Every structure is written in C-alpha cells, then in structure tokens.
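Down below is the structure, laid out as structure tokens.
FYI, it's all coordinate maths here, none of it is from the lab. Keep in mind it's a predicted model, so treat the numbers as computed, not measured. Glycine gets a Cβ as well: all are built from the backbone with ideal geometry, and neighbour counts include every protein chain shown.
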Amino acid sequence: MASVDLGMYIVDLMQVLSCILLPRTLRVFGAHSHHAHELHYVVAGRGSFELRDESLAVRPGDLFYTCPGTLHRMIVPEGEYLLQYVAFLELDTEHDRGLAEDLQALIGEGSIRRVGDRHHALFAQISGQTLSVDPRQRRAASARMAGFLYELMTDAPTAKGSHPAVHEALEFMRSHLDVAYDLDDLIEELGLDKSYFVRLFKKSIGVPPMKYATHLKMSAASDLLRTTSLPLAAVAARVGFRDEYHFAKRFKQWCGTSPGAYRQHV
C-alpha cells in the first residue's frame, strides 16, 4: 500500500508496481502467473490471450485482466507481432477489496473490454512514472491508474492527461511501425514547431519522440524474432528498415545483443 499525506487527509491507493511495454528483451514466454493483479492494454499488432481453457483474440485498444495466481500466456500468429502495456497492481486485501471486486466486475478474467486506442499516452506516461526514482512520481502513477479504472467503471470520459499533439504523435507511431520516418516527417504531420513539440512530448511521455518511436519498432522486431522464422531482412522491413545491417545495428543498441543472437537465445 502507498499512502499520500494530503495535510489532514490520508488517501490510500493501490500501488502500480510496474507498467512495461512488452515484448522486451527480458520476458516470460510460456504459461505463467504472478502474485500481482495484471492489467493488459494492447497497443498494436494482434494475437490471442489464453487462460485456463479459453483463448480470446485481442487487437489494439483491448483491455484485459488476470487475478494473482492465474496461469496465462499470449499467443502471436506466425508473421505477426503484439505490442501491449502490462501493468502489475498490488492491492491491499483489506483497503482495496472494493477495487478488486470492481476490477472483476469491470473486466473479469476471460473477457475483453474494448476501451479504444486513445489510452496509449496514458499508459506510456504511467510506464515512465513507475521507472522514476522519485517516489512522488510512482505515487502519481498509482493515482493515475486508479483514476483511469474508476472512470471506466463509471463510464466517465477518461481524462487524456496530455496535449492532443502527443496523442496524434503516438497514433502516428503506432500506425507507421512498418514505415521509415524521421522527426521532420512527424513534425510535418503535426504542423508544430519542432523544439516545442520535442519538449511537449518529453514532458508528457518521459523520453524524446524518436526514442519512443524506436522503442515501439524494436519491441515489434523482438516479437517477430521470437515468434517467427522470418529472415532478418524481412523482420527489418516489417519495422520500417530497408537495410538489414542498419536495423541490426539499431537493434543491438536497443537491447545489447544482435538480432541473430537474440533469436538464438530466446
């Protein structure tokens, strides 16, 4: 439990232990379970979510949930990738009992809640805050996640929490994973001053725009390397690189190992 002292008030919050964009270089590949509540939000790609004897197709904008201890896994079709944010939530058995019950009622294991693509920025912001060394940022991530969940439960419009241009940029990145583009292309699409937009994006998401764009592309590439037998040139092309050698160099910078070594290891 995390407690935020607001003068004479104490506000108890569930804690977001982490919120990560999968796939990453370190991940669980087979059926697995966690001690925490697990919330998935699909950003791009397609696949299926399997728990117990059920298999559910998922697509961008889908939200789904697993309770602590439930065995589950993701399945990605040959030639495809799946990008999703996974948030691990710690709920106090006494104080957060209502939230746990609401989560089950809102989504429930074995079902998909279609919430749309507009929450990409929210999950990116929460992800950045959970990585912060500042405890206030981590508490802010928990508060933001709690607000998101309760707004869904009450059918209230979820606060976007960032500039519309950031949402447009994230949507552009998500829909252009297989296209080569640079910052100038993105700026032209948005029609904003470059230095202003870079500051705006970094303030909202925590990293510069092209660094986040590279993270999306390399995450998709790592899933293709893991789940398919596509040649390296084909994997590179699927994430917008015409030159497989340039792709291999960028991939190694991203995860510390070459694409071939990564595929062999996983």
Quick calc: nm separation of the 7 Å Cα→Cβ label points for ASP102 and TYR181 -> 3.6 nm
Which values, in whole Å and largest first, are the semi-axes of the equivalent ellipsoid of region 164-265 obtained as the square root of 5 times each eigenvalue of the Cα gyration tensor? 27, 13, 11
Please work out the C-alpha center-to-center distance from region 67-131 to region 194-219 and express it in whole Å. 23 Å
As a test of the formula, what do you get for the chain when each DSSP H run with n ≥ 4 contributes -39,500 (n - 2.57) and the sum is divided by the residue count, at 222 nm and rounded to the nearest 500 deg cm²/dmol? -13500 deg cm²/dmol
Counting only the backbone N, which residues of region 229-248 are under 14 Å from the spot 7 Å out from the Cα of SER258 toward its beta-carbon? 232-233, 244-248
Output ³J(HN,Hα) for region 133-143: one whole-Hz value per residue in order, computed from phi by the Karplus curve 6.51 cos²θ - 1.76 cosθ + 1.60 with θ = phi - 60°, and x for Gly and Pro. 7, 7, x, 5, 5, 5, 5, 4, 4, 5, 5
Against the longest alpha carbon principal axis of the chain, how many degrees, from 0 to 90 and to the nearest 10, is the axis of helix 97-106 turned? 50 degrees
Please report the Cα spread of region 2-153 along all three principal axes, rounded to whole Å, starting with the longest. 56, 28, 27
For region 2-153, the dipole about the Cα centre with charges only on Cβ (Lys and Arg +1, Asp and Glu -1), to the nearest 20 debye, works out at 500 debye
For region 150-252, what is the number of Lys pairs with C-alpha distance below 14 angstrom, counting only pairs 8 or more positions apart or on separate chains? 5
Area projected by the alpha carbon convex hull of region 100-185, averaged over all directions, nm²: 7.7 nm²
Just ASP53, ASP185, ASP243 to compare: in a GNM of the chain, with alpha carbon springs under 10 Å, which one fluctuates most? ASP53
With Cα springs under 10 Å, the Gaussian network model of the chain assigns the largest mean-square fluctuation among ALA141, ALA121, ALA233 to ALA233
Between THR70 and residues 5 or more places away or on another chain, which pairs have amide H atoms under 5 Å apart, with H built 1.01 Å from N, and which residues are they? HIS34
Just to check I understand the Karplus step: with θ = phi - 60° and J = 6.51 cos²θ - 1.76 cosθ + 1.60, what whole-Hz values come out for region 217-225, glycine and proline as x? 5, 6, 5, 5, 4, 5, 5, 5, 5
How tilted is helix 194-205 with respect to the longest principal axis of the chain? Cα atoms for both, answer in degrees (0 to 90, nearest 10). 50 degrees
